[in-house]
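Student: So that we are looking at the same thing, I have put the structure below in structure tokens.
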Amino acid sequence: MKKILDKIPLIFCCCMLFSGSSNSVIAAAALLSAISVSALCQLCGKSRVSLSAEVLYILLCFIDPDFLGFMPLVIYDILCDRRYILCAAAAAAFISAATGHSVNHIPLICTYVVIAAVLHHRTSSFDKLEQQFIESRDNSAELNMLLTEKNHRLRENQDNEIRLATLKERNRIAREIHDNVGHMLSRS
């Protein structure tokens with residue numbers, strides 16, 4: 001859910017790049033393909049299907065630089081899958097678009113890519129902290145159960161020791177009375 005919440009502002013920012021564009025068909029195709037790749041990566045995780053979708057989108061960026069407008073969304077998924085070689089390929093697509101074509105939004109798109117990287121880092125850090133919290137909570141609950149069991153055993157041992165001490169004292173008193181009464185009867 002956190003990843004989806006991170007992707008919504010990225011989609012909105014990327015759509016703002018194409019708001020006044022004359023190529024609305026290409027912008028719609030880029031939006032649709034970027035959202036499709038992102039959804040596929042979200043659904044499949046680290047699989048060959050998501051890898052091929054990411055590679056295909058980068059190739060589309062080489063073919064048509066207008067697809068770079070939605071690259072931050074795909075970069076977010078590439079970072080989630082930890083495929084840093086694809087980040088280098090995306091950088092090559094940016095360089096190719098900056099040198100060969102006249103895409104005027106390259107600095108803004110690069111800013112959005114940095115924002116995507118920061119959002120990914122924040123979310124992954126939060127996920128790690130959440131996982132550590134869950135492990136800590138589980139360990140704490142397990143230790144609490146063990147301590148409760150040990151306390152229960154200690155109480156049982158204490159009760160047994162009290163019973164044994166009581167029995168020993170009764171036996172001692174009985175022996176004294178028996179010996180005492182026996183001596184008194186013998187004397188009389």
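The values are calculated or read from the model by the stated rules, or taken from the named source; none is laboratory data. Only a predicted model underlies this, so the values are computations on that prediction, with no experimental measurement involved. So basically every Cβ, Gly included, is an ideal-geometry build from the backbone, and we count neighbours across all protein chains shown. For accessibility, only protein heavy atoms count, side chains too; no ligands or nucleic acids. Shrake-Rupley method; radii C 1.70, N 1.55, O 1.52, S 1.80 Å.
Student: Quick one: how many residues across region 28-44 are of a type in the set (S, T, N, Q), farther than 14 Å from Arg82 by Cα and surrounded by fewer than 16 Cβ atoms within 10 Å (Cβ to Cβ)? Show your work before the answer.
Tutor: Taking region 28-44 and keeping what is of a type in the set (S, T, N, Q), we get 33, 36, 38, 42.
Filter again for farther than 14 Å from Arg82 by Cα, leaving 33, 36, 38.
Right, trim to surrounded by fewer than 16 Cβ atoms within 10 Å (Cβ to Cβ) and you get 36.
Result for region 28-44: 1.
Student: Which is out of contact with any helix residue (DSSP H, G or I) (no Cβ under 6 Å at 6 or more places or on another chain), open to solvent by less than 100 Å² (accessible area, probe 1.4 Å), touching a residue at least 12 places away in the same chain (Cβ under 8 Å) and of a type in the set (A, V, I, L, M), of Ile115, Ile106?
Tutor: Details: Ile106 fails: out of contact with any helix residue (DSSP H, G or I) (no Cβ under 6 Å at 6 or more places or on another chain).
The conditions single out Ile115.
Student: Which residues, taken from region 45-59, are part of a helix (DSSP H, G or I) and open to solvent by 50 Å² or more (accessible area, probe 1.4 Å)?
Tutor: Residues satisfying the conditions are Arg48, Val49, Leu51, Ser52, Val55, Leu56, Leu59.
Student: Quick check on my filter: what residues within region 60-90 are open to solvent by 60 Å² or more (accessible area, probe 1.4 Å) and closer than 23 Å to Ile26 by Cα?
Tutor: Phe62, Ile63
Student: Among the residues of region 67-81, is any outside any helix (DSSP H, G or I) and out of contact with any Leu (no Cβ under 7 Å at 6 or more places or on another chain)?
Tutor: No, region 67-81 contains no residue that is outside any helix (DSSP H, G or I) and out of contact with any Leu (no Cβ under 7 Å at 6 or more places or on another chain).
Student: Going through Phe94, Phe133, Phe126 one at a time, which residue ends up being surrounded by 10 or more Cβ atoms within 10 Å (Cβ to Cβ), more than 30 Å from Cys13 (Cβ to Cβ), within 46 Å of the chain's Cα centre (by Cα) and among the aromatic types (Phe, Trp, Tyr)?
Tutor: When all the criteria are applied, what remains is Phe133.
Student: Among Asp159, Asp81, Asp138, which is the only one that is of a type in the set (D, E, K, R) and at pLDDT below 90?
Tutor: Within the list Asp159, Asp81, Asp138, the selection yields Asp81.
Student: Name the one entry in Leu31, Leu5, Leu43 that is more than 22 Å from the chain's Cα centre (by Cα) and either without any contact (Cβ under 8 Å) to a residue 24 or more places away in the chain or closer than 13 Å to Met71 by Cα (or both).
Tutor: Unique residue meeting the criteria: Leu31.
Student: Here is a check on your reading of the model: is Phe94 touching a Cys at 6+ places or on another chain (Cβ under 6 Å), of a type in the set (A, V, I, L, M, F, W, C) and modelled with pLDDT under 90?
Tutor: For Phe94, the condition - touching a Cys at 6+ places or on another chain (Cβ under 6 Å), of a type in the set (A, V, I, L, M, F, W, C) and modelled with pLDDT under 90 - is not met.
So that you can scan it fast, the table gives a plain yes or no per residue for (1) over 30 Å from Met1 (Cα atoms); (2) among the aromatic types (Phe, Trp, Tyr); (3) part of a helix (DSSP H, G or I):
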{"position": "Tyr112", "(1), (2), (3)": "no, yes, yes"}
{"position": "Arg122", "(1), (2), (3)": "no, no, yes"}
{"position": "Lys128", "(1), (2), (3)": "no, no, yes"}
{"position": "Asn139", "(1), (2), (3)": "no, no, yes"}
{"position": "Arg153", "(1), (2), (3)": "yes, no, yes"}
{"position": "Ile177", "(1), (2), (3)": "yes, no, yes"}
{"position": "Met184", "(1), (2), (3)": "yes, no, yes"}
